[in-house]
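Presented below is the structure to which this report refers.
Each value in this text was obtained by applying a stated rule to the coordinates, not by laboratory testing. Source: prediction; values computed, not measured. Neighbour counts run over all protein chains shown; Cβ positions are idealised from the backbone, glycine included.
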Amino acid sequence: MSLILFFSCTISSHNLPSVRAIILLSLLLSGCFDRYRTTDSLCNDNASLCQPINLNDGQCRIQRTNLIWQRYDTLQIPSDEHKFKELKATQECQHCLEYAARIEPTELKQRKTKRIEALYHSYESIERLTKELQSSQDPHIIYYRWSQGDQIAKQQFIALEGDKKLEHPELQLALARYYVNKDKHKSLDLLHHSLSLYKAKDNINISILRSLSTLYYQQHNMAAAYVWTNIAAHYQPNNTLQKITRHNLFKPPEDEQKKLDRVALNIIATLNNGQYRRTSIIHQQS
């Protein structure tokens, strides 16, 4: 109330409607976030979200916290999207727990038992969420089911080709992988299209860049392979395999290399700005 009174006294009357709107929004937002400022406060009021996932263990703290808050989001809005995010968060926690369960605690031997209990709970949660998402029509979830070996999901996904629902970089990459052994030119088209769907400052999936480099190499377009290898190295500079590939497989003449380096930099700029358009790169036979 003191904040409202302060603004009422200091802001001219013609600004009051916008000020009141800002204050109301601030109060609504603070009401949402003030209720649960910490994971502990969330767990105190919602014990089912936090058990049994071994709350007091130093191992897997980040994954556990992410899972708890995602479970809370799913509780608030039990949509397929939130359930899928919870499934992913559970898998990340599970992977960490699988490692932690092998660690022998120096103290509190029951800690290992709790880790194993938490691990089994993650298996059960994944099985439950997978069943709940079995009939989902979300293309990301359909692709996930396909990636887990569901052949019906595979057919469902391929049937969506050309649908606006698949206009997403990751989904176009999935289509490109499907066609890579059937139609390499189509696979290249899909990979380039996937890059055109990124917006400014999006995180680029390095697999798209590597796939472009590999396909151009297989087609003996060494200039394009060199460019896309350099672009991949730009976005993941510490990858040892990419360093080896970059320095040992692609060695164009110095003048040509300078031109291709400029092409790579221009493509990187368009990717960063969310304005990528397919670039033709001079074809060279090996």
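Which one of ILE126, GLY58, LEU75 is farthest out on the positive end of the charge dipole of segment 53-147, using unit charges on Cβ (Lys, Arg +1; Asp, Glu -1) and the Cα centre as origin?
Checked the options; the winner is GLY58.
Given +1 on the Cβ of Lys and Arg, -1 on the Cβ of Asp and Glu, and no further charges, what dipole in debye does segment 110-155 carry about its Cα centre, rounded to the nearest 20?
On the way: 8 positive and 6 negative charges, 67 e Å.
With only Lys, Arg, Asp and Glu charged at Cβ, the dipole is about 320 debye.
Decide, for segment 44-160, between rounded, prolate and oblate: order the square roots of the alpha carbon gyration tensor eigenvalues as a ≥ b ≥ c, take rounded if a/c falls under 1.5, and otherwise choose prolate if a/b is larger than b/c, else oblate.
Values: a/c = 3.14, a/b = 1.84, b/c = 1.71.
Verdict is prolate for segment 44-160.
Take every Cα pair under 8 Å in segment 38-181 that's 6+ residues apart, average their separations, divide by the length, and report that relative contact order as a whole percent.
19 percent
Which of the listed residues, GLY149, ALA174, TYR216, is farthest toward the dipole's positive end in segment 146-223, when Lys, Arg count +1 and Asp, Glu count -1 at the beta-carbon?
Checking the options against the dipole of segment 146-223, the answer is TYR216.
Could you run the Karplus curve 6.51 cos²θ - 1.76 cosθ + 1.60 with θ = phi - 60° over segment 84-97 and give me ³J(HN,Hα) per residue in whole Hz, x for Gly and Pro?
After applying 6.51 cos²θ - 1.76 cosθ + 1.60, I find 5, 4, 5, 4, 5, 5, 5, 5, 5, 5, 4, 4, 5, 5 Hz.
What FRET efficiency, computed as 1/(1 + (r/R0)^6) with R0 = 45 Å and r the Cβ-Cβ distance, is obtained for GLU127 and LYS184, rounded to the nearest 0.05?
Numbers: r = 38 Å, r/R0 = 0.84.
Using R0 = 45 Å, I get an efficiency of 0.75.
By its C-alpha gyration tensor, with a ≥ b ≥ c as the square roots of the eigenvalues, how is segment 110-262 shaped: rounded for a/c under 1.5, else prolate for a/b larger than b/c, else oblate? All intermediate terms of the calculation are to be shown ahead of the outcome.
Values: a/c = 2.73, a/b = 1.59, b/c = 1.72.
Because a/c hits 1.5 or more and a/b fails to exceed b/c, segment 110-262 counts as oblate.
Which length gain, in nm to one decimal place, applies between ARG177 and ASP73 when the Cα-Cα distance is subtracted from 0.36 nm times their residue separation?
Values: separation 104, 0.36 × 104 = 37.44 nm, distance 3.25 nm.
My answer for the length gained is 34.2 nm.
Mind giving me the FRET efficiency for ASN205 and TYR120? R0 is 41 Å, r the Cβ-Cβ distance, nearest 0.05 is fine. Before the final figure, lay out each step's value.
Numbers: r = 33 Å, r/R0 = 0.80.
Efficiency computed from Cβ-Cβ geometry: 0.80.
Could you list the residues of segment 157-197 with an amide nitrogen less than 17 Å from a label point located 7 Å from the Cα of ASP138 in the Cα-to-C-beta direction?
In segment 157-197, the label zone of ASP138 (backbone N under 17 Å from the point 7 Å along Cα→Cβ) covers 157, 165-172.
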